[in-house]
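Notes follow the structure.
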Amino acid sequence: MISVEHLSKRYGRHAAVDDVSFRCEPGTVTGFLGPNGAGKSTTLRMICGLTPPTAGGATVDGRPYRQLANPGREVGVLLDASAQHAGRTGREALAVAAYTMGVDRREVGAKLEQVGLDAAAAKRRVRAYSLGMRQRLGLALALLGDPRVLILDEPANGLDPEGIFWMRGLLRDFADRGGTVLLSSHLLREVEAVADRLVVIGGGRIVAQGDKTELLAGGGTIVRARDVAALRRALDAAGLAVADAADGLVVRADGEAVGQAAVDAGVALTELRPAGGGLEQLFLTLTAAESTKEADQ
């Protein structure tokens, strides 16, 4: 579990991070979102003990990162895929990390295989890696110590669509096995697909956080069916508030509740989606509101 309590970081008069608090629970993926300069990377660096906070603190399983006896065995971190020794091969980079953490060297090959770096790639110098290959190597390093927590900053940068889909499955599987994932990414559709919870930061402050379904349900759900009358009766019977919209019916409930009402009534749906445009629209609305506040100050 990751716990962030009233975390702040000031550089002179500028507050890069201002009283940020949130928790990441085991068995979940938390999407950490915000525009450039919002304070995401600074927050992650403070959690990992790389940047000292001005106020507040952060713990992993109840302890500050710097107090962990063998951090790599408890927390897998990928903050910068380029922060690797360019002269080493991929296999050498993992072997050094395995020795440092006291991990069986047989895990080196297993982790390279897990992230999709074959024998030829493992023998190449890191300087010859593409950005996508460096991301995969960084993930292998993060996973090497079999940690219970992953902290990842833009891990999908440089990956092709197949690689992004692969990463989504890897993170989902990690969380489903009881792990804790804190994921910062600009790829909003991928975050929406994999995250359980969302934390949105703007101007160094938390502007929204909570269960993904609840946050995205704020604008309701758009639903359509060939038999509109039957659909409306089903929604009315379920006690859900319904209104007409240009592209269907808008329901003041989340998609799961709307879909269940349709299933119970035997109504086949042709469309079911968040009325607000999904995570992308939520993100733009929240961060735009924060930018307006800053401009007014």
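The values are calculated or read from the model by the stated rules, or taken from the named source; none is laboratory data. Remember, predicted model here, so these are calculated numbers, not experimental data. Cβ atoms come from the backbone with ideal geometry, glycine included; neighbour counts cover every protein chain shown.
Just a few scattered comments:
- Residues in the range 83-96 that are more than 25 Å from I164 (Cβ to Cβ), part of a helix (DSSP H, G or I) and not charged (D, E, K, R): A95, V96.
- Members of the range 174-189 found to be part of a helix (DSSP H, G or I) and closer than 16 Å to T28 by Cβ, listed by number: F174, A175, D176
- Test: residue in the range 240-248 that is in contact (Cβ under 8 Å) with a residue 40 or more places away in the chain, crowded, with 17+ Cβ neighbours inside 10 Å, farther than 30 Å from V20 by Cβ and touching a Leu at 6+ places or on another chain (Cβ under 9 Å): no
- Considering only residues in the range 110-169 that are among the small types (G, A, S) and part of a loop (DSSP other than H, G, I, E, B), the one that is nearest to L33 (Cα to Cα) turns out to be A156.
So that you can scan it fast, the table gives a plain yes or no per residue for (1) assigned by TED's automatic domain parsing to the domain that holds R148; (2) hydroxyl-bearing (S, T, Y); (3) closer than 24 Å to E190 by Cα:
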position: Y11; (1), (2), (3): yes, yes, no
position: P35; (1), (2), (3): yes, no, yes
position: I47; (1), (2), (3): yes, no, yes
position: P64; (1), (2), (3): yes, no, no
position: M101; (1), (2), (3): yes, no, no
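- Candidate set: the range 1-33, residues that are not small (G, A, S) and not in a strand (DSSP E or B); chosen: the one modelled with the lowest pLDDT: R13
- Note on the range 103-120: among residues that are buried (at least 19 other Cβ atoms within 10 Å of the Cβ) and not charged (D, E, K, R), the one that is nearest to G169 (Cα to Cα) is V115.
- A search for C-beta distances below 6 Å between a residue of the range 54-79 that is within 15 Å of I151 (Cβ to Cβ) and without any contact (Cβ under 8 Å) to a residue 60 or more places away in the chain and any residue that is of a type in the set (S, T, Y) and part of a strand (DSSP E or B), counting only pairs 6+ apart in sequence or on different chains, returns T59/S3.
- The set of residues from the range 209-225 being at pLDDT 85 or above and on the phi > 0 side of the Ramachandran plot comprises just one member, G210.
- Subset of the range 34-74 that is assigned to a strand (DSSP E or B) and either at pLDDT below 95 or under 19 Å from the mean Cα position of the chain (by Cα) (or both) - its residue that is surrounded by the fewest Cβ atoms within 10 Å (Cβ to Cβ): T59
- Meets criteria (among the polar types (S, T, N, Q), buried (at least 20 other Cβ atoms within 10 Å of the Cβ) and part of a helix (DSSP H, G or I)) for T100: no
- Residue in the range 148-164 that is surrounded by 13 or more Cβ atoms within 10 Å (Cβ to Cβ) and free of Cβ contacts under 8 Å to residues at least 12 places away in the same chain present: no
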